[in-house]
1. For segment 134-162, name all the residues that are over 20 Å from the mean Cα position of the chain (by Cα) and surrounded by 15 or more Cβ atoms within 10 Å (Cβ to Cβ).
2. If you scan segment 32-67, which residues turn out to be more than 30 Å from residue 105 (Cβ to Cβ), in a loop (DSSP other than H, G, I, E, B) and of a type outside the set (Phe, Trp, Tyr)?
3. Sort out which residues of segment 46-71 are surrounded by fewer than 15 Cβ atoms within 10 Å (Cβ to Cβ) and out of contact with any Phe, Trp or Tyr (no Cβ under 7 Å at 6 or more places or on another chain), and write them in order of number.
4. Quick check on my filter: what residues within segment 33-68 are within 30 Å of residue 23 (Cβ to Cβ) and either acidic (Asp, Glu) or over 18 Å from the mean Cα position of the chain (by Cα) (or both)?
5. Checking residue 30 against (1) modelled with pLDDT of 95 or more; (2) among the aromatic types (Phe, Trp, Tyr); (3) surrounded by 12 or more Cβ atoms within 10 Å (Cβ to Cβ), which single condition isn't satisfied?
6. Please enumerate the residues belonging to segment 132-167 that are modelled with pLDDT under 95 and closer than 30 Å to residue 73 by Cα.
Amino acid sequence: MAGLVMAGALLPTGVSAADWHLNGSVTEEFTYDNNFRLSASDKQSLWGFNTRPKLGLETHSPRTDLFVNGSLNYGYFPDRTSENSFDQHGDVSLQHRSERTSLAIGGNVSHATTRTTEDADTGLNYSDAERIGVGGNASMSYALTERAAAGIQGGASYVTYDTSALSDYRTYSAGPFVTYQLTEKD
């Protein structure tokens, strides 16, 4: 809660005074896989449902946009309840524009179940692993014309697993970019 209060204090006055909009949705999906473990000798089928509720909060001012989103994914498989999963994802992004420049920052966090396979003395060992990921990015651009802009961006992420079958990893990206709008904005 203290983090939300601190984030609110750092926001430009126009954003904190702007109207906030709450968006939500629920997606229901039927899924079927005739070989979900990708085994050449012992094909196993899987059927079930994925339920995905999403909730988002956003606000806009003439110069600033803020988005906060969260989603869940619950996988339910009646004939193989050991494959049920419950995943979570959240992200936040803030963009502020001046006359010719734009600055954007964002971050995300996720927790998910990942299917793994390990070679064991008795053959392949199938298991589930917890996957936790965090990431962030930032960019700055400068408007060259009404349709063209150039800028620089950078980002990083870190993913960790609670199993030795999968290695933790980091990703980094950075570099310049150029954008061009094919049509004018309204």
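The values are calculated or read from the model by the stated rules, or taken from the named source; none is laboratory data. Small disclaimer: the values here were computed from a predicted structure and weren't measured. Here the Cβ is made from the backbone with ideal geometry for all residues, glycine too, and neighbour counts use every protein chain on show.
1. Scanning segment 134-162 gives 141, 143, 149, 151.
2. Within segment 32-67, 34, 35, 37, 38, 39, 40, 41, 42, 43, 44, 45 qualify.
3. Result: 53, 62, 63.
4. Hits for segment 33-68 are 48, 49, 58, 59, 60, 61, 62, 63, 64, 65.
5. (3)
6. 161, 162, 163, 164, 165, 166, 167
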